[in-house]
Amino acid sequence: MSSNAITIPGVQIDEKPWVDTLHEWVTTVDHKRLGVLYILYALLFLVVAGVEALIIRIQLMFPHNHFVSPQVFNRLFTMHGTTMVFFMGMPILFGFANYLVPLMIGARDMAFPRLNAFSFWLSAMGGFLLYFSLVGANGLYGAGNAPDAGWWAYAPLTARAFSPGHSTDYWTLALLVSGFGSIGTAINIIATILCMRCPGMKLNRMPLLAWLNLVMAGMVLLAVSPLTAAQFMLLIDRYLGGHFFDTQAGGSAMLWMHFFWIFGHPEVYVLIIPCFAFMSEIIPVFSRKPIFGYPVMVAATVCIGFVSMSVWAHHMFSVGMNSYANSFFTITTMAVGVPTGIKIFNWLGTMWGGKIQFKVPMLFCIAFLFQFLTAGLTGIMLGSAAFDSQLTLSYFVVAHFHYTLVGGVVFGVFAALYYWYPKITGRILNETLGKLHFWLFLIGFHLTFDLMHIPGLLGMPRRIYTYEPGRGWDTVNLLISVGGFIQAIAVVIFAANLVVSYFKGKKAGNDPWDAWTLEWATSSPPPAYNFASIPLVASRRPLWDLKHPEDQ
Amino acid sequence: MAMLKMKSWTLRFVAQTMLLLFWSAMAVWAIGPKDSSPHGTNIFAPASTPAKAISDLSVFVLVITGIIFVVVFALLAYSVIKFRGRAVDAGREPAQVYGSTQIELAWTIIPILIVIVLFLATARVLHAVQDAPQPPGAIEVTAIGHQYWWEFRYPKLGVVTANELHIPVSNPANPTPTFLTLLSADTDHSFWIPELAGKTDLIPNHPNRMWMDPLRTGIFLGQCAQYCGVQHAKMLLRVSVDSPADFAAWVRGQQQPAVQDASVATGRRVFESNACMNCHAVAGTNANGRFGPDLTHLMIRATIASGAASNTPENLRLWIQDPNAIKPGSLMPAMKLNDSDLDAVVSYMETLR
Ligand SMILES: [Cu+2]
Ligand SMILES: [Cu+2]
């Protein structure tokens, strides 16, 4: 292929007054800046929801502890869950999708730049509304209330009889508004990937990251829409005299469960698939081999996308469905394990025979593999409806989904941040601090979430603000909390690294990892227009072709 | 190179120990103590047929997933160690392998077979537990979840009680299982006695059923498992599994109206002239409220307020004075009685055996 297609001149940035810079960021429609905004906004909420988690853990350190009241505890776990899923998980992954997809498919921006900005600000508004409830909720009775119906907000707890005041309304509005934002972003990602690829970038040459984000965006469209509809129904119930979920007027609590989980299950894949995407880009580069079984990886992802749309009621194995329904959702749930297993094996195949370099992003990827394996297997246990009738609603489930969301998503996001930070800022994150962060976080994570399975098996339900001594839960809970604090220290080190390296980090150059995808062909950070001339690609690894002309 | 070697070893060592620790810890804790009294809440110490079926299935699933875990873990650890980059061959790229149809076929088909096996094992237990017919000798109980306490009704026996469920032990030769109909008066709850059965939720407008046939006598503990509001944490459950004779005696006692004791007439007057009687029932008196627990045989119970405190005179007094002191957020209001009324009503309560 021609080499001049992807050479980029460095760009000169002039000094500007800070107001101008701020104005540029607020009004930007550039996919890279919006990507960074998404990421920063999500990191802010990571800290907020992380602090909520720490307070929860202090309360649970000892039986009959009185650190917070039951009312406050219930608000904390509701806000922690809602924030982490909607205002940390989704935004940070949308941020990476925004930043990376156009660069990796050789485009100059997303398909609809202004829709992109609109979607971001809607999501931001959602997070603001959720926390505004602390100031504005409870109307006439004074302020200082937050949603407390749990992040699934099961009916009829959300009915006016059980949730007077306005905290539930802020919760509903927050999800409604950010839901529109998510739908906008999903449409944008789909359109960008289908229509904006550079010449030569056929679908089967696309980086896996683009493929996986395409599937993710499709799932967002299908999953978020019912949730948004359900929020409208809830508002109608609360203010227009509807009776969808109002059980005291003959409404159905089950209806809400179905609506919620038809969103809620695909949602976990919306969160994990982009992390699969990070793995599929980072592991090959640090193993110095192409991804093993590219077509199978694509097929497995599409398959996960479809099958995971039909498993939602595995969250409802205790609500009294008949044995046939329970069996059906058992088989579909376990079936998802097959394509997911294929992915793990393909990453293994990628490392096999490679020359693995233990750079910080790769360390996070390796930990991801082990942890995702474990989370997948506890998922199989939960998928067995009969076994699940003991496990569901207990700390075992809490341990399982934190294994996927922290051990999977958060480790994946850290891998991505270490890997693409040089592209975004032009500087490499400090390796020593990075390794310290990695090891501390790993130890804290395992201390907390390995042990957390145990109280579940010993009968400890989730969402209780205190517990009885003498059931074998005491010591374990103390250790779980200690692990939480170790993770918090690790995150502080990471934050310090982000700041220090921004000013003092080693200069990255265009391609610090000797990688193969198009984003490394342009300068770091890339110019506003990404590529001086639109690249032309002839294979899945355009930069490999460039570096190994003998292979042609 | 030495550096690299060391790092990969530490990596492997830490990762491996943590995860092995996890599995062995799970095994040890899960087996736990078995004959303590009252019984614990360990899902692997089943004391009834459905819990036993589930526990056996669980062990089967754990073994299969455990084997998968060990095999895949070993493969991952092997490849991470074996294929670490070395300084000597820096600059040279390894062979570029793009995939292999046979291998990928293998790791598609084997998991499919495992899934089928696990599914069949699960479906069998689901059918056995959920579709079991109700034998003629079965005890029928209607359990009604309230924020934050349990109401138990035995329609055939004419018994109404709260928070502490009594059921007979079931002899496998002549089974007397208990079949529960689960209802809710307000929000969702979930009935969970880990050693007797899996959870079943109590959902308004959606009656559910479950059953258990305890094979040992004793006290079994559990608690509400579905978040139901402020005091979800203190909605505890106690099941007393009685010998047939004890159960019959308990039923006879429960069928009696409340003890009428002239010495506590003042207390009774306080109870009946305050709102107490609008929320609580005492059989044989004018008190027939249904919002709170039936108090007819209050003193037979070992705990008050759904297990939140043991049933001692001091706790009873504190509870009636200010329920929030024991269970903040409970739906019983502080009745603001003066000290003499309070003492009188507590004395009255203490006669309700
Ligand atoms: Cu799910
Ligand atoms: Cu409850």
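So for region A:518-527 (the condition being open to solvent by 20 Å² or more (accessible area, probe 1.4 Å), in a loop (DSSP other than H, G, I, E, B) and touching a residue at least 24 places away in the same chain (Cβ under 8 Å)), does at least one residue qualify?
yes
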Do we find that A:Gly136 is under 21 Å from A:Gly50 (Cα atoms) and either open to solvent by 10 Å² or more (accessible area, probe 1.4 Å) or free of Cβ contacts under 8 Å to residues at least 60 places away in the same chain (or both) in this structure? no
Working carefully through the options A:Met316, A:Met279, A:Met254, find the one that is under 25 Å from the mean Cα position of the chain (by Cα) and either within 12 Å of chain B (Cβ to nearest Cβ) or within 16 Å of ligand 1 (Cβ to nearest atom) (or both). A:Met316
Condition first: farther than 22 Å from B:Ile43 by Cβ, within 14 Å of another protein chain (Cβ to nearest Cβ) and not in a strand (DSSP E or B). Can you find one or more residues in region B:145-163 that meet it? yes
Residues of region A:332-346 satisfying the condition of being facing chain B (nearest Cβ under 9 Å), more than 14 Å from ligand 1 (Cβ to nearest atom) and not polar (S, T, N, Q): A:Val338, A:Pro339, A:Gly341, A:Ile342, A:Ile344, A:Phe345
Criterion violated by A:Val319 - all others in (1) open to solvent by less than 10 Å² (accessible area, probe 1.4 Å); (2) away from ligand 2 (no atom under 16 Å from the Cβ); (3) in contact (Cβ under 8 Å) with a residue 60 or more places away in the chain satisfied: (2)
Selected residue (criterion: farthest from A:Leu436 (Cα to Cα)) from residues of region A:359-370 that are within 9 Å of chain B (Cβ to nearest Cβ) and in contact (Cβ under 8 Å) with a residue 24 or more places away in the chain: A:Leu369
From the list A:Phe112, A:Phe118, A:Phe87, which residue is touching a residue at least 24 places away in the same chain (Cβ under 8 Å) and open to solvent by less than 30 Å² (accessible area, probe 1.4 Å)? A:Phe87
Matching residues in region A:443-486 - criterion: being buried (at least 21 other Cβ atoms within 10 Å of the Cβ), within 27 Å of A:Leu373 (Cβ to Cβ) and β-branched (Val, Ile, Thr): A:Thr448, A:Ile454, A:Ile480
Just wondering, is there one or more residues in region A:335-357 that are within 16 Å of ligand 2 (Cβ to nearest atom) and farther than 30 Å from A:Gly50 by Cβ? no
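Filter region B:194-236 down to residues that are of a type in the set (Phe, Trp, Tyr) and under 18 Å from A:Val319 (Cβ atoms) and give me whichever is farthest from ligand 2 (Cβ to nearest atom).
From region B:194-236, those of a type in the set (Phe, Trp, Tyr) are B:211, B:220, B:227; that's our starting set.
Narrowing the set further to residues that are under 18 Å from A:Val319 (Cβ atoms) leaves B:211, B:227.
Numbers: B:Trp211: 21, B:Tyr227: 8 Å.
Result: B:Trp211.
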Only one residue in B:Val97, B:Val141, B:Val59, B:Val72 is open to solvent by less than 80 Å² (accessible area, probe 1.4 Å), more than 8 Å from chain A (Cβ to nearest Cβ) and farther than 26 Å from B:Ala248 by Cβ, so which one is that? B:Val59
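On the basis of being away from chain A (no Cβ under 14 Å), away from ligand 2 (no atom under 13 Å from the Cβ) and either under 24 Å from the mean Cα position of the chain (by Cα) or closer than 23 Å to B:Met335 by Cα (or both), does B:Asp261 make the cut?
Judged against the criteria, B:Asp261 is not a match.
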When region A:258-311 is checked residue by residue, the ones that are farther than 30 Å from A:Phe244 by Cα, among the aromatic types (Phe, Trp, Tyr) and buried (at least 23 other Cβ atoms within 10 Å of the Cβ) are A:Phe276, A:Phe278, A:Phe286, A:Phe292
The condition from (1) away from chain B (no Cβ under 14 Å); (2) more than 30 Å from A:Ala416 (Cα to Cα); (3) under 23 Å from the mean Cα position of the chain (by Cα) that A:Ala153 misses is numbered (1)
Of all residues in region B:225-243 being more than 7 Å from chain A (Cβ to nearest Cβ) and open to solvent by less than 10 Å² (accessible area, probe 1.4 Å), which is nearest to ligand 1 (Cβ to nearest atom)? B:Cys228
Test A:Met297 against the criterion of being part of a helix (DSSP H, G or I) and more than 16 Å from ligand 2 (Cβ to nearest atom), and give yes or no. yes
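The values are calculated or read from the model by the stated rules, or taken from the named source; none is laboratory data. Only a predicted model underlies this, so the values are computations on that prediction, with no experimental measurement involved. Virtual Cβ from ideal backbone geometry, glycine too; neighbours counted across all protein chains shown. Protein only, heavy atoms only, side chains kept; ligands, DNA and RNA dropped before computing areas. Shrake-Rupley method; radii C 1.70, N 1.55, O 1.52, S 1.80 Å.
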